[in-house]
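To keep things clear, I will list the structure first and then write my remarks on it.
What follows is calculated from the coordinates using simple rules that are stated; it is not laboratory data. Computed from a predicted model, the values in this text were never measured in an experiment. Ideal geometry is used to build each Cβ from the backbone, glycine not excepted, and the neighbour counts take in all protein chains shown.
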Amino acid sequence: MSNDWDHTIDGARQAAAQDQLHTWVGDFLASPGSDNADLAEQLGEASLWWLGPVEVPLDQLHRLAGPAGHPVVEPVEDSGWRDDVEELAARIEAGGEQVAPVIATFRDGQLSLEDGNHRVEALRRAGLPRAWTVVGFDGPGARDRFVDRSDPDGTAAR
């Protein structure tokens, strides 16, 4: 069993096909691109059941931070985003950038964005309606109900 997946949509798909999406999530979050080892440990301890990557409409991802008028916990003024969000949006719009999947958890009937606030904002600014997302669930029943409700195309893994 290989563990040399990259931190891309295809890498997440390969990990899911090997029933190792949980390992991919931990590796991705601890990588220099995400630099979020604490979150990797926290989500690893939660024994989540994973699905993905699946395309999720941006307006269904409840972000920690983002522009007012969007599903966010903490509204941030447009000028509050780092310059790299605008640069990433320009590369996405030009067709030269495919961003890594974002990481979300399904809680209380909604998708809470755990990692990827800046990527989601860049996608929004580039005019794209959806983000490739890897979603963690409390158990296989919650995951299966989500799949039945939304019928996303993805591979589940624990």
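Here's the picture: a label point sits 7 Å out from the Cα of Gln60 along the beta-carbon direction, and within the range 93-122 the residues with their amide nitrogen under 11 Å of it are 110-111.
If the segment from Asp148 to Gln18 were pulled out straight at 0.36 nm per residue, it would be longer than the present Cα-Cα gap by 44.6 nm. Peptides 95-106, 29-40, ordered by how many other C-beta atoms sit within 10 Å of their residues on average, highest first, read 95-106, 29-40. Let me check I've understood the local charge: for Leu123, count other residues with C-beta under 13 angstrom from its C-beta, Lys and Arg +1, Asp and Glu -1. What total comes out? Here the count lands on 0. In this simple spin-label model, placing a label point 7 Å from the Cα along the Cα-to-Cβ direction at both Ala37 and Arg91 gives a separation of 2.5 nm. For Arg130, the residues whose amide H sits under 5 Å from its own are Leu58, ignoring neighbours fewer than 5 places away on the same chain, with H placed 1.01 Å from N.
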